[in-house]
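The structure appears right after this line, and notes come after that.
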Amino acid sequence: MTSQLIHCKVLGVGVNQQNVTFVYGFNDRRDRESLWLDLKDIGRNILGAWMVMGDFNSMLHLDDRVGALVRLAEVMPMRDCIEHCRLQGGLGGRGPWLLYVPGYDQT
């Protein structure tokens, strides 16, 4: 657990370990840097399926903001984290949660 996330391992009888991380990212981009590092650290040690969900307070796509342009520098930290952790977008790639299942490739 950190100030921006809570990570849980879900165990059940006859079920492989599953993981879920609940995120509430800080509003300030610089303050969120530790979130990306923490998620990467969890991702390096994950066993089993992993769902990451919550409010990241970050944009993933260049068209995520209405009324103002989104700079590439604003989306790159989250994109880098998602790629590093091998996370896939949920429900069509958009939305507040991401998923990693070992051996599953959406491409």
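At a glance:
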read-out	value
Single residue of the range 35-47 satisfying the filter (free of Cβ contacts under 8 Å to residues at least 24 places away in the same chain and in a helix (DSSP H, G or I)) that is farthest from residue 99 (Cα to Cα)	37
Condition met for residue 80 (at pLDDT 85 or above and either buried (at least 16 other Cβ atoms within 10 Å of the Cβ) or closer than 14 Å to residue 36 by Cβ (or both))	yes
Among (1) under 20 Å from residue 100 (Cα atoms); (2) touching a residue at least 24 places away in the same chain (Cβ under 8 Å); (3) touching a helix residue (DSSP H, G or I) at 6+ places or on another chain (Cβ under 9 Å) - the single one residue 32 does not satisfy	(1)
Selection within the range 55-77 - within 10 Å of the chain's Cα centre (by Cα) and crowded, with 18+ Cβ neighbours inside 10 Å	56
Flag for residue 98 being surrounded by 13 or more Cβ atoms within 10 Å (Cβ to Cβ), touching a helix residue (DSSP H, G or I) at 6+ places or on another chain (Cβ under 9 Å) and at pLDDT 95 or above	no
Pair list, Cβ < 6 Å and 6+ apart or interchain, from the range 1-26 residues that are of a type in the set (Phe, Trp, Tyr) to residues that are surrounded by fewer than 16 Cβ atoms within 10 Å (Cβ to Cβ) and modelled with pLDDT of 95 or more	22/6
Residue tally, condition assigned to a strand (DSSP E or B) and either surrounded by 16 or more Cβ atoms within 10 Å (Cβ to Cβ) or on the phi > 0 side of the Ramachandran plot (or both), over the range 1-19	4
Any hit, the range 29-38, residues being surrounded by fewer than 16 Cβ atoms within 10 Å (Cβ to Cβ), out of contact with any Phe, Trp or Tyr (no Cβ under 8 Å at 6 or more places or on another chain) and aliphatic (A, V, I, L, M)	yes
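The values are calculated or read from the model by the stated rules, or taken from the named source; none is laboratory data. Here the structure is a predicted model, which means the values were calculated and not measured. Positions of Cβ are backbone-derived with ideal geometry, glycine not excepted, and every protein chain shown enters the neighbour counts.
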